[in-house]
Structures are given as structure tokens and as C-alpha cells.
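Please treat every number below as a calculation from the coordinates, not as lab data. It should be emphasised that the depicted structure is a prediction, and the values quoted were computed from it without experimental measurement. No Cβ is skipped: glycine too gets one built from the backbone with ideal geometry, and neighbour counts run over all protein chains shown.
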Amino acid sequence: MIFGAVITFAVLALAAITNVTQADPLYPLVALTSIGFVVCGIGFLQGKRWGWVGSILVYGGAFAASVAEAFLRILAWGIFIEPIILVYLLVPSVRAYFFRSPGLALGAAEKVTSPLDGSRPAGPERNRLHIANRANKILTGILMLVIVSIVPAVALSVHTVSVTGVTLNIVYPGNPDNPWFGDSRIVSGAMFTWGNGQMGFRFSLSNFALFDAHSIDSISLKTQGFVLYAPPAPISVPALGGVALSMRLQAPDYNYDGPVTIEIQTS
């Protein structure tokens, strides 16, 4: 309930200051889902059946969206969290908490008593209730198995790319002892995405020269397999001035874990 309230406040505040509804067509769905979290949280606290049903719908829809985003190479951490919640909600004892009526609770069929003498149903009626209860448990177990098996199935078809850091090499042709843009350094920390996904990072360069302007002549990627989207060069930087650079990395479609190196040629 707290999580849903925070997300609801965030999406409403974002809508008030930006045109996010035009930039992201899924924004209304995110807003409705966050409100659904709040409503389901209230149902959880009260132990209501509609809280359980609503949670199955909300988390089931969110899980389906996460799986679709994974195949579109969009990272969604919910694909690891939502199956756990769905399976937990399907556990017989948890489900029975919300369906306390003897006719609806899992396992309750075996405990149904006759309203006249307090005895359990006998004969064909008792067998029918027992078979229905077993079938319900089997169907629930199959559904739980399907939910859990989706994650490894997605993992086998989608590669993961973990970049431990982005190193910037600055080259000063003919004048290596006068690094006007500073020394080579790490400009981004760890990033993670699916194969063919994109990761963004941003850094600044300052020209420490007192009187001369210098330029960034080229920006290239030295790590194989990735694609770098960088601002067009050359970029002129005035004396004692600076420039902010925003770049994106497109990951390869295979598993990778390690650093990425980019190189800047200057003059």
C-alpha cells in the first residue's frame, strides 16, 4: 500500500510538470497499476476477497508486461519479484485466509459438516467434495509451476549484459604532457540491461587551459560488441570552459560482464 501510494504520487507529480503522457503511451497503465497497489493493500489489511482477486489481476498483469518488456529488450526488475508474489498468493493457506467461507476456502471441503448433527458428509457427497478439493489443489499447483517456470524460460532466451564501469581514455596527440582536459578516468559506474538494450551515462569535460580553446575531434568505442551513440564531433571547448556530454551504449545480444572503454581524440 505504501509502495503504491509513493508511485501514485510520483506519476501524478511527473504528469503535472512534463508531457510524459505524450512521451510514454504506457504512462496511464503505470498510474492505474500504482492505484491498484493501494487498493489491494487496503484489501490485504482487511482480509477481503476482493483484495486477493485484485492482487492476482494487478500482479498478473504486471508480470505479463514485464515478460513482454524482456522480449523487447527492456529491463524490468518486476520479472524477478512478481512471480514470487503471485506464487505466495496461490499458497493454499494464504488463499484460505481471504476465502474463509467453508465452501470457498482451500481444504475446507474436507471439513464441511452437516448442519443437523455436526457430522461430516458421508457417501457420494463426501467423495465428491474430496475429489473437487484435490482437483483444486492440483490446478493450483500447476498454475504455480507455470508461473515459476516462466522466469528461467525468459532467462534462456534473453541475454544479460552487466557493465562494471565506463573508462574514458583521453588522447593528446603530440602533447601528452599537457592534458588540458585532464587525465583518463572512469566516467560511469555499474549498469545492467538485457541483450540489445541501451544504457545511458553522462559526464563533463573541462578545459584547464588559461588562454587556448581546445576541441574534441572524435569519440570512439574501444570495446567490441557495443554500439556508442555520442554527440557529433568536433566539439570546441573555450579556455577555462566546459562541456557536458550525454551518451548511450547499446549492448550486444550475448552475455557480457566487464568494463567498457571509450576514447576521445583532442587537439
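Rounded to the nearest 0.05, what FRET efficiency do residue 13 and residue 143 give with R0 = 45 Å and r taken as the Cβ-Cβ distance? Could you check? Walk me through the numbers on the way to the answer.
Values: r = 37 Å, r/R0 = 0.83.
Once the sixth-power term is evaluated, E becomes 0.75.
Please work out the FRET efficiency for the pair residue 169 and residue 254, using the Cβ-Cβ distance as r and a Förster radius of 30 Å; give the result to the nearest 0.05.
After rounding, the FRET efficiency stands at 0.80.
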Any idea what log10 I(q)/I(0) is at q = 0.16 Å⁻¹ for region 132-196, Debye with uniform C-alpha scatterers and no solvent? -0.76
